[in-house]
Structures are given as C-alpha cells and as structure tokens.
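One structure is given here, and the rest of the page talks about it.
The values are calculated or read from the model by the stated rules, or taken from the named source; none is laboratory data. Remember, it's a predicted structure, so these values are computed and weren't measured experimentally. Every residue, glycine among them, receives a Cβ derived from its backbone with ideal geometry; neighbour counts consider all protein chains shown.
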Amino acid sequence: MIELNQKVLVGWILAVAALNWGLVGVLGVNLVETILGAGSVLTKVAYGLIGAVGVYKVYLLTMSKK
C-alpha cells in the first residue's frame, strides 16, 4: 500500500512539474514562482523536491529493466 501511494505521489509531482514547464514554454508563466514567490525559500524547496523526484523516477525506470 505504501509503494502504491509513493508511485501516485511521484506521478502527481511530475505531472504538476510538466504542466508548469508547459506553461512557461507556451505562455511565459511560471506557476511555481507565481504562487511561492520568485527566488523564495519555498520555491527553492519546490524545485529541489521536483529534481529529487525526477532522479528517483529515472532510478526506477533504469532499475526496472534488469
């Protein structure tokens, strides 16, 4: 049950990050910075979390091939 919740959480974080970057590319709007403040500690934490989740997802994808 914990693994399923972890997969769901990782999926949601990556989906929100992808939507944010889509908005940056298409409209020039960065929702993370708009909501949390440009250069704020919360923005840095959010980007750090997104990066960590991305690394974790890459790890899961590469380890599932073995």
| task | Could you pull out the residue among A38, A46 that is surrounded by 14 or more Cβ atoms within 10 Å (Cβ to Cβ), over 18 Å from L60 (Cβ atoms) and hydrophobic (A, V, I, L, M, F, W, C)? | result | A46
| field | One residue from V8, V41 being out of contact with any helix residue (DSSP H, G or I) (no Cβ under 7 Å at 6 or more places or on another chain), at pLDDT 95 or above and among the β-branched types (V, I, T) | value | V41
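Kindly provide the set of residues from the range 23-36 that are assigned to a loop (DSSP other than H, G, I, E, B) and over 17 Å from the mean Cα position of the chain (by Cα), ordered by number.
Within the range 23-36, just G28 meets the criteria.
In this structure, does V58 turn out to be modelled with pLDDT of 95 or more, assigned to a helix (DSSP H, G or I) and loosely packed, with under 11 Cβ neighbours inside 10 Å?
Values: modelled with pLDDT of 95 or more: no; assigned to a helix (DSSP H, G or I): yes; loosely packed, with under 11 Cβ neighbours inside 10 Å: yes.
The answer is no for V58.
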| said: Show the residue pairs meeting these rules: Cβ distance below 9 Å; 6+ apart or different chains; first residue within the range 5-16 and touching a residue at least 40 places away in the same chain (Cβ under 8 Å) and under 11 Å from G54 (Cα atoms); second residue small (G, A, S) and surrounded by 14 or more Cβ atoms within 10 Å (Cβ to Cβ). | reply: I13/G54; L14/G54
